[in-house]
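Written out below as structure tokens is the structure these notes cover.
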Number of protein chains: 2
Amino acid sequence: MKVVRAEIIAIGDELLYGQIVDTNSHWISKELDLLGVKVVRKTTVGDDRKDILAAFTSAESRADIILITGGLGPTQDDLTKPLMAEYFNCPIVENPAAVDAVTEFFKKRGRDITPLNILQGHLPACCTYVPNEVGTAPGMWFERNGTYWMSMPGVPHEMKKLMTDFVLPKLPTLFPLPIIVHRMVKTVGIGESWLADLIREWENALPKNIRLAYLPSLGHVKLRLTGFGQDKIQIEKDIQAQIDLVLPSIEKYVYGYDSETLETAIGKLLTTNNKTIALAESCSGGYISHLITSISGSSSYFQGAVIPYHNQFKNEILQVKNETLSSFGAVSEETVREMATGVRDLFNADFGLSSSGIAGPNGGTDEKPVGTVWISCAGEGFIETKKLQLTQDRMLNIQLTGVAVLNLLRICILEK
Amino acid sequence: MKVVRAEIIAIGDELLYGQIVDTNSHWISKELDLLGVKVVRKTTVGDDRKDILAAFTSAESRADIILITGGLGPTQDDLTKPLMAEYFNCPIVENPAAVDAVTEFFKKRGRDITPLNILQGHLPACCTYVPNEVGTAPGMWFERNGTYWMSMPGVPHEMKKLMTDFVLPKLPTLFPLPIIVHRMVKTVGIGESWLADLIREWENALPKNIRLAYLPSLGHVKLRLTGFGQDKIQIEKDIQAQIDLVLPSIEKYVYGYDSETLETAIGKLLTTNNKTIALAESCSGGYISHLITSISGSSSYFQGAVIPYHNQFKNEILQVKNETLSSFGAVSEETVREMATGVRDLFNADFGLSSSGIAGPNGGTDEKPVGTVWISCAGEGFIETKKLQLTQDRMLNIQLTGVAVLNLLRICILEK
């Protein structure tokens, strides 16, 4: 089956000057991907005649379907419509249905229509008019030499309505589309290249219809498996078989699948096991509590936290012994152990977690340089600790500490 | 003066499948705009040899500077490096400095280097090696026929560091750039349209060489003044004169300028006034403490925090009276008052801050719908409280609570 290739062209100076984030292209990509249409390129150009025409020419040479957003307002800097007329070599003429629709749009809202707005109902003679029920700029559909074009407004909810009502249902009638299935296997606690080493043989032996991608992010690596074929159920089975095959090699790093995050995975683990947690965050300063409480329903397993930024409060609130603090310092295995047990007792939780470290950029010593972080997890009959040696800036060190603490908790729930 | 034209090429299937939002291109656009470099096109292509080479060819025909992100990992699906070698027609050879750097990177982290990682130090012979201090994939700089190319990893913080340390300082040495001065006046606690009403006359009377933009973000509105001209000192003076003119109308909303954030501004205020704070965060769940402790040096004014997610701990740790909790509920003016004074006492701080509310999406009632949040600030001889009625999703409600608490603290420090 021929792959159907799509391109997205976003038009507007404001997208190039960094004043607006183009969320349209991302949304369109996702929707086309689900349909099995392959987006091969996204292009953003400004309100410039030459640049826009060059983008049209270039896209036509490659794509089966070209989706254009933006540049359809009634003002002079909006060039998409006249340039599409020029590109397709046909005049702009009054489209009575489009003029009626824009007139009705204003009437319905009790507003006077301006001559500029009436002109929005004038369209290139060679396009098919596609009504925009939620705005004033019509959609325009073109066909030439087997390539299909759709021009839509840049306003996200107008574009989405035209895509959902018109373009997405139309595509399967124009092209035989393959079936594509994505699965995401999410890992934590292992770097991309180590993971690649662990699964190299499996990766090299993947069947032709399944592709693998590594998607690294801070402290995490996601493995994306993409399967192609004719039969959705069969592809899903094929992918699951590959996951089952690789899982024994990487099981201890896998925290979840698809849209799960480390926070939601831990929430599920705690809920399933009917366990609760409490945190004593020193260097992570509330970040881990914030991650956990960002999840709706976390109040059923999150008891609370203390952020004791000074030794005095580690002692007074968490019962860390003053001699521990003076002998070993705040950033030490001994201190995080006592913080973890102290906060576990204070909040009467199943697991007590703690962090203490030097996030930077100041406060490091030869013995304990910036990035030295101790973390701990205390539970019934055990206390686990771990030392991290981080090398990033303050914010990233805090975030990496968060990932490490959540991962330590995950391991403790699973193994204890 | 010739306009300097830049293009951005983002490489990676994950950007086309809609699984990752490309925040890099937006960030790069903004930075180049500040320098006076005009971004004329952004292109996203997948991990496909032909598509990537076509994007290179097309960009070279138009741009003075081409910035490439992504496709630099050590795994097989990463094509940028071999394709740049092919495009510039030069072999990939061992770069001793780059091999040393990647070896050092692993050594510093106490981890073994893999053969795959060593290969990251092999680079096209015709590029200039640009060290990446925060990752393993080096930056690569190319020049040909007056066009400059920079290839960077797609990991945002690695790309940003290479841009900030290398590319952005280099551009003014390569091209004559116009003189542009930006100043940012940062406000909090007033919406965009109210602010616009307050300063309309001033805005309409701005001189021709100074442009104003409103940049709203969550709970904040930034006013960006952009001045153009030939003489930097004079433009700076002109902008300052306009700020001095508008300030009396908006002074109580202005917390800072340029790169200052609400957190750094508050840190400065507390340090100057030699005051300390402590927080009792219920619905904000650690978010505000995280904001405050993200600032290096915050340990001099941040005493600590308690996140008492259940009433029992509001009582046991913060001494909120059980009768207050049972009569008025956790989300009430009475409770946040006692939380604020309780945490102030516990941490022996000058200001005690508190939040309690229903972040959503569940937990609302008719009387206290989702988004009902009470906040408080207690100090020597006073307790201020404020009720918020938020309407966003859970995460945004938490973030808006954070802005409101920090702004309440700002006002208390200034007025008490």
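A short reminder: the numbers here are calculations on the coordinates, not readings from a lab. A quick note: this is a predicted structure, and the numbers were derived from the prediction, not measured. Backbone-built Cβ (ideal geometry, glycine too); neighbour counts: all protein chains shown.
Label-to-label distances for A:H182 across copies, nearest first, come out at 3.1 nm, using points 7 Å from Cα in the beta-carbon direction. For A:K50, the aspartates and glutamates whose Cα comes closer than 20 Å to its Cα, not counting residues fewer than 8 places off in the same chain, are A:E7, A:D13, A:E14, A:E60, A:D77, A:D78, A:E86, B:E7, B:E60, B:D64. Distance from the Cα centre of the range B:186-208 to that of the range B:264-282, in angstrom? For the range B:186-208 versus the range B:264-282, the Cα centre distance is 29 Å. By the count of other C-beta atoms within 10 Å, a proxy for reagent exposure, A:V343, A:V188 are ordered fewest to most as A:V188, A:V343. Once C-alpha pairs closer than 8 Å and six or more residues apart are averaged by separation and normalised to the residue number of chain A, the relative contact order reads 10 percent.
Remark on the range B:277-416: ratio of C-alpha radius of gyration to 2.2 N^0.38 Å is 0.96. All C-alpha to C-alpha distances of the range A:179-257, sorted into 5 Å bins beginning at zero, yield P(r) values of 3, 16, 30, 26, 15, 8, 2, 0 percent in whole numbers. For B:L218 and B:T365, a Förster radius of 22 Å and the Cβ-Cβ distance give a FRET efficiency of 0.25, rounded to the nearest 0.05. Among the trypsin sites (Lys or Arg not before Pro) found in the range B:31-111, those both in a DSSP coil and sparsely packed, with 16 or fewer other Cβ atoms within 10 Å of their Cβ, are B:R62, B:R109, B:R111. Counting only other chain Cβ atoms within 10 Å of each residue's Cβ, the peptide A:192-198 averages 5. Counted by Cβ distance under 15 Å from A:A97, the other residues give a net charge of -4, where Lys and Arg count +1 and Asp and Glu count -1. Within chain B, the ratio Rg/Rh, alpha carbon atoms throughout and Rh by Kirkwood, equals 1.05. Here the relative contact order of the range A:277-354, from alpha carbon pairs under 8 Å that lie six or more residues apart, stands at 41 percent. Comparing A:T147, A:I11, A:G36 along the charge dipole axis of the range A:5-174, the residue lying farthest to the positive side is A:G36, per the Cβ-charge model. Distance from the alpha carbon centroid of the range B:72-119 to that of the range A:344-404 works out to 31 angstrom. Spherically averaged projected area of the convex hull of Cα atoms, the protein assembly as shown: 37.9 nm².
Full extension of the chain between A:A97 and A:L245 yields a length gain of 47.5 nm, computed as 0.36 nm times the residue separation minus the alpha carbon distance. Against the compact-protein benchmark of 2.2 N^0.38 Å, the Cα-based radius of gyration of the range B:112-236 scales to 1.55. Within 10 Å of the Cβ of each residue in A:291-300, the mean number of Cβ atoms contributed by other protein chains is 5.
Mind checking which lysines have their Cα closer than 21 Å to the Cα of A:K416? Skip sequence neighbours fewer than 8 apart in that chain. Hits, sequence-local ones excluded: A:K252, A:K268, A:K275, A:K386, A:K387.
Taking every DSSP bridge with both residues inside the protein assembly as shown, close to 65 percent are antiparallel. Each other copy holds its own label point for B:D100; taking that point as 7 Å from Cα along Cα to Cβ, the gaps run 7.7 nm, nearest first. Charge tally around B:H220: other residues with Cβ under 13 Å, Lys/Arg +1 each, Asp/Glu -1 each, net +1.
Based on Cα contacts under 8 Å between residues 6+ apart, the range A:167-224 shows a relative contact order of 44 percent. Ascending distances from the A:G297 label point to its copies in the other chains, with the point 7 Å along the Cα-to-beta-carbon line: 4.4 nm. When the Cα positions of A:S282, A:L318, A:L400 are compared along the charge dipole of chain A, A:L400 comes out farthest toward the positive end, with charges on each C-beta of Lys, Arg, Asp and Glu. Partner shielding of A:44-56 amounts to 3, given as the average count of beta-carbon atoms from other chains within 10 Å of each residue beta-carbon.
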